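The values are calculated or read from the model by the stated rules, or taken from the named source; none is laboratory data. Worth saying up front: this structure is predicted, and the values here are computed from it rather than measured. Glycine gets a Cβ as well: all are built from the backbone with ideal geometry, and neighbour counts include every protein chain shown. Just the protein is used for accessible areas: all its heavy atoms, side chains included, with ligands, DNA and RNA removed. Shrake-Rupley method; radii C 1.70, N 1.55, O 1.52, S 1.80 Å.
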Amino acid sequence: EPRSVYGASKGAAERYLKIVEADTGMTVASVRPANVYGPYQDPHGEAGVVAIFAGRLLARQPVMIFGDGGQTRDFVFIDDTVDALVRAATKGNGLVVNIGTGVGTPVRDVWTLIDAGRGRPSAGRGACSPRAGRGRGARGS
């Protein structure tokens, strides 16, 4: 059972696809990508944390990590996501696919890796906010 409105909306969309498949005979597949990241991702709007952190680092702006940074997410590279989408499209038949690594990575660790990649860590620039994060688990539903 879904644990959030977001998860419930995804479940409703999958039920809708099953009805479309039954009514039209169209072959469908439902894909559930984890937190996708990669080149050319816009760090504004609904961007993922990897793009936001990288964009703020490049702009020399401080990074805000909500909660204690211990919330985990399953991060998956765009090329792996595209490969899984193509495979799902060729299978169809009501297939439901979770696209991810199966490994939850704490948000604070993502910042540490991005910051360390520039060669000189910027001590203290990844500040934590007392505001709660959007859930502690990598599943997100």
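In region 17-130, the portion of solvent-accessible area held by carbon and sulfur atoms comes to 57 percent [1.4 Å probe, whole percent, DNA, RNA and ligands not counted]. Computing FRET efficiency as 1/(1 + (r/R0)^6) for Val96 and Arg60, where r is the C-beta to C-beta distance and R0 is 35 Å, gives about 0.25. Scaled to the globular estimate 2.2 N^0.38 Å, the Cα spread of region 1-103, given as radius of gyration, is 1.31.
Rounded to the nearest 5, the antiparallel percentage of DSSP beta bridges internal to region 6-116 is 20%.
Taking label points 7 Å from Cα along the Cα-to-Cβ direction, Asp68 and Tyr40 give a separation of 4.0 nm.
Each of Ala22 and Val5 was given a label point 7 Å from its Cα along the Cα-to-Cβ line. The distance between the two points is 2.8 nm.
With a cap of 13 neighbouring Cβ atoms within 10 Å, and only residues DSSP puts in a loop, list the GluC sites (Glu not before Pro) found in region 10-52.
Filter output for region 10-52: Glu46.
Put a dot 7 Å past the Cα of Ala116, heading toward its Cβ, do the same for Arg87, and the two dots end up 2.9 nm apart.
When both region 90-104 and region 19-64 are represented by their alpha-carbon centers, they are found 16 Å apart.
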